[in-house]
Structure formats: C-alpha cells, structure tokens
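Structure, as structure tokens:
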Amino acid sequence: MLSGEEIVICASDKIIMNPSEHIRRVFLLPQDVSGQKERNMSELKIAIQKSGRLSEQSHKLLEECGIKFSNGAGVLKSKAANFPVEILFLRDDDIPQYVEQKVADIGILGENMVFEKNKDVIILEKLGFAQCRLSLAIPKEDKYSGPDYFNNKKVATSYPKLLSDFFKENRIKAKIEEISGSVEIAPGIGLADAVCDIVSSGSTLMTNGLREVKTILKSQAVIIGSKKLSREKEDILKKFLFRIRAVKSAKENKYILLNTPESSISDICRILPGMKSPTILPLAEKGWCSLHSVVREDEFWERIDQLKKAGAEGILVIPIEKMIL
Ligand code: PRT
Ligand code: ZN
C-alpha cells in the first residue's frame with residue numbers, strides 16, 4: 001500500500017466501483033495497457049450520421065459490406081462484431097471536424113457539408129446516394145437575368161462559406177444571413193430576399209413560393225478520410241473500401257442471360273463485352289446458344305434495344321448482390 005491508499009490491480013478494462021470500498025487508485029497490469037492500446041490502434045473509427053437523411057443508407061451500406069453492429073436510441077458508438085471497426089453516431093455537421101482531428105478515421109456524409117466545413121480531409125469514395133444540389137432561389141414572381149440579381153440583396157442560408165465563395169467568384173455584393181434551419185421561410189417572413197439551400201425534388205421551394213435560379217454545387221454522399229492513418233488502419237481501410245466498391249459495382253450492373261442464334265454471337269458479344277468476355281453455352285436446340293454477361297445499369301435500355309435488333313430472345317435480367325472486379 002502506498003501512503004495508506006488501497007490499490008486495485010485490474011485485469012479488465014471494466015472496473016466496478018463499490019463506494020464502500022474507498023478505492024483511491026487503480027493500476028492496470030502492463031498486459032492490459034498494451035492490450036487496450038492494441039485494440040484501439042487496430043480499429044478503424046467510422047463516423048456516420050446519427051439520425052437524418054443519411055443515416056438509413058449509411059447503415060444499409062455497412063450491412064451490405066457484411067459489417068454487423070448494434071445501434072439503439074442513445075447509443076453514440078458501437079463496435080462491429082465481425083470486422084475491426086467502431087461506428088460513431090454523430091451529427092453530419094460535426095463529422096469533417098472529427099475526421100480532421102482524428103477522433104474518427106473516416107466518415108460518411110454529403111459533399112455539401114464537406115465543402116462547407118472545408119476541413120483538412122480527403123474524399124475517398126463517392127457513394128451515389130443522397131443526391132441533391134445547393135441552389136439559389138428567389139420569389140417566384142421576380143424576374144431573374146443572372147447572378148447580378150443578388151447585388152444588394154439579403155440571402156438566407158445554412159451554407160455561408162459556399163455562398164460567399166460563389167458571390168466572390170461572381171463579384172456580387174450581397175448580405176448573407178446565416179440561419180441553421182427552415183431556410184425556405186426566410187423571404188416569406190421578411191428575414192431575407194432570397195435563399196440558398198439544399199434542393200432535392202424542389203417541392204419545398206415551390207410550397208414556399210420560391211423558384212430555383214442557380215445551382216452552385218451538386219452533391220452526393222461520400223466517404224471522407226483523415227490524411228494520415230497508421231499502417232494497421234490503412235490495411236483495414238483498404239479492406240473496407242474493397243467491400244464498398246464491390247457493393248457499388250453490384251448496384252451499377254445487372255447480370256443478363258439471353259438466347260441467341262449462333263450466327264448472332266459475335267454481334268451480341270460486341271454489345272455485351274462483359275467483365276472479361278461473355279459466357280456462351282450451347283442450348284438443347286441446335287444452332288442456338290445461351291449467353292451470360294453483365295450490363296451497366298445506366299446503359300441497360302439502350303443495350304436491350306440493340307440486343308433485340310441483333311436477334312437475342314428470352315432475355316433475363318437479374319440483380320447482382322456483390323461484384324468483385
Ligand atoms: O441532425 P443532423 O445535423 O445530423 O442532420 P441535418 O438535419 O443537418 O441533415 P439532414 O438529415 O436533413 O440531411 C443530411 C444530408 O442529406 C444533407 O447534408 C445532404 O447532403 C443530403 N440531402 C439530400 C438533403 C436533401 N437531400 C434534402 N432534400 N438534405 C436536406 N434536404 C432538405 C433541404 O434542406 C430542404 O429543406 O430537404 C428540403 C428540400 O427537399 P425537396 O425535396 O423539397 O427539394
Ligand atoms: Zn446537419
């Protein structure tokens with residue numbers, strides 16, 4: 001005992017304190033200290049939005065990557081059961097700063113927030129969901145002849161940096177009124193002449209008597225990362241991005257099976273080159289083959305028209321779950 005204090009030598013990172021025991025000092029055994037450090041070092045910390053427009057798809061993406069974790073109300077972080085990651089549940093506005101400060105190693109959020117916060121982070125991957133745009137909108141009855149409209153106007157926004165960059169580039173002298181939410185009502189209540197806000201379908205602008213006149217940024221969800229990671233974390237990140245890309249490729253492509261007369265095979269192979277080349281199998285009916293390949297989702301309908309013209313029949317199209325290139 002040191003100067004009459006009680007000492008507890010602890011073999012676990014959980015210490016249950018009983019107030020009646022008057023424990024004053026706790027020492028961890030050296031192997032606990034190093035074990036703890038090793039566990040923290042080798043876990044990649046992923047920040048995602050706690051609740052909001054990005055949270056459901058961020059969860060789904062992690063699940064599709066085979067990462068299992070629990071998340072209930074009030075949970076702020078959760079370790080995955082089967083992959084060396086810890087998920088931090090945060091407000092999207094805070095994610096760039098946490099990644100810059102290395103509280104999180106990577107984060108999932110909208111490009112709009114990444115560019116607005118302008119922190120020292122890098123974009124590692126575009127994810128394709130939460131597509132939207134940051135746009136200027138004015139009262140629908142006003143005439144708009146170009147960015148000059150905004151000279152000497154007051155514009156309400158939650159994106160002061162991006163808006164002020166736009167005004168600087170266009171040599172516009174306007175006043176920016178920074179507000180944190182319900183931006184679209186600002187002109188209606190006399191707080192501003194116009195707004196600069198996120199638009200998706202455009203219905204919120206319309207409901208508030210506004211008209212979109214200029215897009216200043218197109219945005220989608222992305223993964224951002226810290227500029228420097230340890231070797232162990234880099235390795236986990238590589239595996240994580242590999243899974244993300246397999247999930248993304250699967251979504252961007254479809255598996256296609258069709259029947260074709262042998263005489264059309266070379267034309268069809270030109271239309272559907274596949275990952276390496278299509279698989280061709282003979283059918284029971286003489287002179288016919290079954291051809292299997294992969295087609296990009298965004299080229300799908302155009303390719304189908306070409307395939308029909310080339311003589312393909314019985315075309316089946318199947319979603320792909322994962323695609324490893
Ligand atoms: O609480 P926390 O700070 O985490 O969330 P938040 O309330 O700040 O953000 P949230 O959940 O609303 O949005 C998160 C991200 O989703 C944004 O940063 C964008 O990257 C993306 N996103 C995609 C959108 C929209 N679509 C969107 N439509 N973010 C906001 N909106 C709002 C917009 O602000 C406007 O009020 O929806 C309204 C316009 O929608 P339409 O369809 O009527 O045009
Ligand atoms: Zn936010």
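Between amide H atoms placed 1.01 Å from N, distances below 5 Å from Ala47 occur with Leu88, Asp105, Ile106, Gly107, Ile108, all of them 5 or more places distant or on a separate chain. Using 0.36 nm per residue and subtracting the Cα-Cα separation, the extra length available between Glu321 and Val75 on full extension is 85.6 nm. Evaluated on the stretch 40-191, the Kirkwood hydrodynamic radius is 17.7 Å, with distances taken between all distinct Cα atoms. The residues of the stretch 151-259 expose, per residue, 53 Å² of accessible area to a 1.4 Å probe. Histogrammed with a bin width of 20 Å, the alpha carbon distances of the chain distribute as 24, 38, 30, 8, 1 percent, first bin at zero.
Protection proxy ranking for 236-243, 297-304, 271-278, using the average of other Cβ atoms within 10 Å per residue and placing the highest first: 236-243, 271-278, 297-304. Treating the beta-carbon of each Lys and Arg as +1 and of each Asp and Glu as -1, no other charges, what is the dipole magnitude of the chain about its Cα centre, to the nearest 20 debye? In debye, rounded to 20, the chain gives about 440. Structure note, pairs Lys126/Lys239; Lys77/Lys161; Lys50/Lys248; Lys175/Lys214: Cα-Cα distances above 25 angstrom occur for Lys77/Lys161.
Only aspartates and glutamates eight or more places from Lys68 in sequence, or on another chain, were considered; those with a Cα closer than 16 Å are Glu43, Glu56, Glu86.
For Asn170 and Ser42, FRET efficiency with R0 = 56 Å and r from the beta-carbon atoms, rounded to 0.05?
Computed FRET efficiency for Ser42 and Asn170: 0.70.
When the listed pairs Lys79/Lys276; Lys117/Lys153; Lys60/Lys233; Lys119/Lys218 are checked against a 30 Å cut-off, the alpha-carbon distance exceeds it for Lys79/Lys276. Counting only protein heavy atoms and a 1.4 Å probe, tell me what percentage of the chain's accessible area is made up of carbon and sulfur. Whole-percent figure for carbon plus sulfur exposure: 52.
The values are calculated or read from the model by the stated rules, or taken from the named source; none is laboratory data. Quantities reported herein were computed from a predicted structural model and do not represent experimental measurements. Neighbour counts run over all protein chains shown; Cβ positions are idealised from the backbone, glycine included. Note: areas computed on protein heavy atoms with side chains; ligands, DNA, RNA excluded. Shrake-Rupley method; radii C 1.70, N 1.55, O 1.52, S 1.80 Å.
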